[in-house]
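The values are calculated or read from the model by the stated rules, or taken from the named source; none is laboratory data. A quick note: this is a predicted structure, and the numbers were derived from the prediction, not measured. Cβ placement follows ideal geometry from the backbone for every residue including glycine, while neighbour counts extend to all protein chains displayed. Ligands, DNA and RNA are excluded from the accessible area calculation, which covers all protein heavy atoms including side chains. Shrake-Rupley method; radii C 1.70, N 1.55, O 1.52, S 1.80 Å.
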Amino acid sequence: MTSGRVAALTALAALAAACGGSSHPAAFHVAPGDNVLAVSVNGIHCGGGSSYVNEPCVSVTICAPGTATCQTIDDVLLDTGSIGLRIFKQALTTVSLPSAPAPGGGNLAECIQYADGTADWGPVEVAEVTLANEPPVQVPIQVIDATFGAVPSTCPSPETAPTSFSGILGLGVFVEDCGAPCPADANVYFAWDGTSLTSQTLDASLQVQNPAALLPVDNNGFIVQLPAVSGGAPAVEGAVVLGIGTRPNNHPVSASALALDGFGEFSTTLAGGSTIAGSFVDTGSNGLFFAPPAAVAACSDNPDWFCPPATLAYSATNVPSPGFPGNHLGASFQIGNFDALVAQPSNAVFPQIGGGALPSAGFDWGVPFFLGRTVYLGIDGRPSIFGNGPLLAY
């Protein structure tokens, strides 16, 4: 990983209000195991709150280190486009966590900025985190708290309270969230001494960490498995299987891999269009966001989304970034009329929604890409049957 990769590549904006829920999600089965983390898209792990379309949710257990004081938090966004666990202060109702000290004194805090222009600010604290029934791991996490200390000017308009989820579980393809080390001029990490705020250069081990990378065995990657959806569905239930080739239930079947670059990215070529650099797969994005080869009408009331008069079919080829090895992997998809789809009275999961490219981003393969696919993501520097990560396979 390069030290330049300092911002998460998740896209949480351009959301629509959720349609009505249902108690009948699509059936889905995965081989059981202690390494299977259940994931809902607008389903049972989303907490029944104000979710939005194509919201993938998991539950995470957090304990104060060395104690039996624990809390299981539902409605945590599964985000393969960022790194680390981030929980809103308001969601931590029974657990008090120790602060992570800054190397030169004071307590660590972080500003994480997203590709959609949003930001999270708050202290770094230490927790024991349990994913599925894996052994707990002690890891620095961010507590999202816009009232902590003094918000730096480089962290504009941070979120102040949970709206549609309790936090973010960043299970991306890197171990830490900023690089080794994270430079002070990146304006990601700060020390707060109660009076003043100082930018910090921070070693990798002190940064917010990917908890999956710290597992004793299943630490080389993970698999996202979500069922296919035709047209729309109220909700679907799937799984994140931790590890690649480390247990009988996570051995790859019929998948090909491409290497990812130091930003976790690759290139996408759409039939009839040019090659789009800086592409990435991201469950934190609820649609497919890209620059189409020919103009597509935006929705008049939701201009972040496409509203073509008829459904459009696309064919794409994903290839490694220049200079990186790997296969050429095809991916076909459709784009429908967002307004017409979300008008369905009982559905909240859609495979055909998308919008224009985010600023300075390539093709953002969000939740629709994962529906009906088994997607493997290998963690940086960790070997698997596909080779050393970071990598993508499907």
**Asked** How far is it, in nm, from the label point at Asp203 to the one at Ser346 when both lie 7 Å from their Cα along the line to the Cβ?
**Response** 5.7 nm
**Cα-centred dipole magnitude for segment 270-394, charges only on beta-carbon of K, R (+1) and D, E (-1), debye, nearest 20** = 340 debye
**Message:** In the chain, if the dipole is taken from +1 on Lys/Arg beta carbons and -1 on Asp/Glu beta carbons about the Cα centre, which of Pro123, Gly84, Phe148 is farthest to the positive end?
**Reply:** Gly84
**Fill in**
For segment 25-128, dividing by residue count, accessible area per residue (probe 1.4 Å) in Å² works out to 34 Å²
**Message:** Please list 3J(HN,Hα) in residue order for segment 125-139, calculated via the Karplus relation 6.51 cos²θ - 1.76 cosθ + 1.60 where θ = phi - 60°; whole Hz, with x for glycine and proline.
**Reply:** 10, 10, 9, 9, 10, 10, 9, 6, 10, 6, x, x, 10, 8, 8
**Asked** FRET efficiency for Asp193 and Thr275, Cβ-Cβ distance as r, R0 = 41 Å, nearest 0.05?
**Response** 0.30
**Request:** Determine by what factor the alpha-carbon radius of gyration of segment 163-293 differs from 2.2 N^0.38 Å, reporting the quotient.
**Result:** 1.33
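Given +1 on the Cβ of Lys and Arg, -1 on the Cβ of Asp and Glu, and no further charges, what dipole in debye does the chain carry about its Cα centre, rounded to the nearest 20? Don't skip to the end; give the middle numbers.
On the way: 6 positive and 28 negative charges, 135 e Å.
Charge dipole of the chain: 640 debye, to the nearest 20.
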**Asked** Taking H as built 1.01 Å from N, whose amide H comes closer than 5 Å to the amide H of Cys307, not counting residues under 5 places away?
**Response** Ala297, Ala298, Cys299, Phe338
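Residue separation times 0.36 nm, minus the C-alpha to C-alpha distance between Thr317 and Ser254: what's the value? If you can, show how the numbers build up before the last one.
Details: separation 63, 0.36 × 63 = 22.68 nm, distance 1.76 nm.
Gain on stretching Thr317 to Ser254: 20.9 nm.
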**Item:** Phi to ³J(HN,Hα) by Karplus 6.51 cos²θ - 1.76 cosθ + 1.60 over segment 207-216, Hz, x for Gly, Pro
**Value:** 7, 4, 10, 6, x, 5, 6, 9, 5, x
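In the chain, what percentage of the DSSP-assigned beta bridges are antiparallel, given to the nearest 5?
Details: 82 of 96 bridges.
Percent antiparallel among DSSP bridges in the chain is about 85.
Set the Förster radius R0 to 41 Å, insert the Cβ-Cβ distance between Thr72 and Thr118 as r into 1/(1 + (r/R0)^6), and round the FRET efficiency to 0.05. Each step should come with its number before you reach the end.
Numbers: r = 26 Å, r/R0 = 0.63.
Result of the calculation: an efficiency of 0.95.
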**Request:** May I ask you to derive the FRET efficiency for Ala298 and Ser157 from their Cβ-Cβ distance with R0 = 25 Å, giving the value to the nearest 0.05?
**Result:** 0.55
**Asked** Say each of Ile385 and Gln334 gets a label point 7 Å from the Cα, pointing the same way as Cα to Cβ; how far apart are those two points in nm?
**Response** 3.2 nm
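Which of rounded, prolate or oblate describes segment 87-143 when judged by the alpha-carbon gyration tensor and an a/c cut-off of 1.5?
Values: a/c = 1.72, a/b = 1.19, b/c = 1.44.
Oblate, since a/c reaches 1.5 and b/c is not below a/b.
Of all the accessible heavy-atom surface of the chain, with the other protein chains kept in place and a 1.4 Å probe, what percent is carbon and sulfur? All intermediate terms of the calculation are to be shown ahead of the outcome.
Details: 7590 of 14140 Å².
Of the solvent-accessible surface of the chain, carbon and sulfur hold 54 percent.
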**Message:** Along the Cα→Cβ direction, 7 angstrom out, place labels at Gln138 and Ala150. What is the inter-label distance in nm?
**Reply:** 3.3 nm
**Complete:** Taking alpha-carbon centroids only, segment 131-175 lies from segment 285-319 a number of Å equal to 30 Å
**Prompt:** Which one of Val188, Asn286, Thr317 has its Cα pushed farthest toward the positive end of the charge dipole of the chain, where Lys and Arg give +1 and Asp and Glu give -1 at the Cβ?
**Reply:** Thr317
**Prompt:** So which residue, out of Val137, Val41, Val349, gets the largest mean-square fluctuation from a GNM of the chain using Cα contacts under 10 Å as springs?
**Reply:** Val137
**Percent RCO, i.e. relative contact order, over the chain, from Cα pairs under 8 Å lying at least 6 residues apart** = 21 percent
